[in-house]
1. Within the set LYS195/LYS272; LYS172/LYS197; LYS197/LYS272; LYS132/LYS195; LYS26/LYS50, which residue pairs have Cα atoms separated by over 21 Å?
2. What whole number of Å gives the distance from the Cα centroid of the range 120-151 to the Cα centroid of the range 210-258?
3. By how many degrees, 0 to 90 and rounded to 10, does the Cα axis of helix 126-146 deviate from the longest principal axis of the chain?
4. First select every other residue whose beta carbon is under 13 angstrom from the beta carbon of ALA223; then total the charges, Lys and Arg +1, Asp and Glu -1.
5. Compare GLU251, GLU37, GLU189 in a GNM of the chain, Cα atoms joined below 10 Å, and give the one with the largest fluctuation.
6. Can you work out ³J(HN,Hα) from phi for every residue in the range 115-125, in order, using Karplus 6.51 cos²θ - 1.76 cosθ + 1.60 and θ = phi - 60°, giving whole Hz and x for Gly and Pro?
7. At a Förster distance of 35 Å, what's the computed FRET efficiency of GLU19 paired with PHE259, Cβ-Cβ distance as r, to 0.05?
8. Could you tally the net charge around TRP75, taking each other residue with its Cβ under 13 Å from the Cβ of TRP75, Lys/Arg +1 and Asp/Glu -1?
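Each value in this text was obtained by applying a stated rule to the coordinates, not by laboratory testing. Computed from a prediction, not measured in an experiment: that's the story for all the values here. Neighbour counts run over all protein chains shown; Cβ positions are idealised from the backbone, glycine included.
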Amino acid sequence: MTVFAGCLTQESRQKLENENLVLIGKIFPVELDVTNEESVIAAKEYVQAKMLPGQYFWALVNNAGYFAWFGPDAWLSIEHYQNSMNTNVYGMIRCVHAFLPLIKQSQGRIVSMSSVSGRYPQAHGITYCMAKYAVEVYMDGIRQELRPYSITCCMLEPGAFNTNFLSMTAMKQRVEDVWNQLSPDMQQEYGLDFKEKYLQDFEALIQSSSSKLHKVVDAYQHAITGSWPRLRYRIGWDCQMLVSLSFLPTELSDLALRFLFNTYRVPAILQKKMK
């Protein structure tokens with residue numbers, strides 16, 4: 001199977017080429033910025049130029065992601081939401097629109113990375129959850145629209161896995177950048193203790209995340225090559241649990257979230273009023 005691997009930068013493209021010298025002719029790195037329409041079109045044209053007579057484009061894998069997890073909505077601007085949607089949602093749509101003619105020819109597959117966050121929203125991560133909910137809606141919609149073309153649309157919904165995506169260093173930097181842009185009044189309203197405990201909760205999430213990355217890889221492989229691919233791949237014990245909790249009445253599911261993830265953090269100004 002020939003693989004065209006999208007790389008955001010020229011440096012990452014060169015690194016992939018150097019790491020896969022034994023697979024020359026099987027893996028073709030291609031520069032791809034899913035937030036840029038021209039870059040997506042150029043990538044599609046590159047793929048078409050590399051395809052040999054008799055070859056067909058079987059599967060589009062939407063794996064580009066931006067972990068837009070910053071803190072409470074009150075800390076954020078519209079730009080935070082726009083950046084999350086531009087990569088996680090609009091980037092996926094750009095790629096589908098560009099490669100769909102090739103997939104129609106092969107009656108192939110569209111495989112997109114979603115998340116358990118697209119099934120069960122969590123406080124303080126709304127920017128990311130909103131985007132993943134949009135991924136779910138888009139994929140559910142085009143799955144029905146493209147069924148007459150015999151195209152299969154699959155989603156992966158992993159829970160927390162221990163990858164660079166859940167980098168504590170990057171998380172601290174994101175939160176600090178947002179915190180430093182807040183007005184003094186907003187900082188005083190929430191307090192440093194709120195911010196630090198929020199970061200501690202995230203660090204606990206990382207420590208509890210799964211190291212069994214092969215489960216995600218196996219799901220990708222089955223979605224692309226399996227004779228009977230699933231429409232949804234729920235990956236990880238936390239995903240299975242949270243999807244089940246999502247069927248509870250809203251009051252009970254909110255209570256479960258508070259118990260499991262300490263989402264009921266009280267800003268400093270409210271703590272003073274409670275005393």
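1. LYS132/LYS195
2. Each part reduced to its Cα centre gives a spacing of 14 Å.
3. Compared with the principal axis, the helix lies near 30 degrees.
4. Taking every Cβ under 13 Å from that of ALA223, the sum is +4.
5. Highest fluctuation of the listed residues: GLU251.
6. Each residue's phi maps through the Karplus curve to give 5, 4, 5, x, 10, 8, x, 10, 4, 6, x Hz.
7. Once rounded, the FRET efficiency stands at 0.20.
8. On the way: positive: ARG174, LYS195, ARG265; negative: ASP73, GLU79, GLU176, ASP177, ASP185, GLU189.
Every neighbour counted, the sum reads -3.
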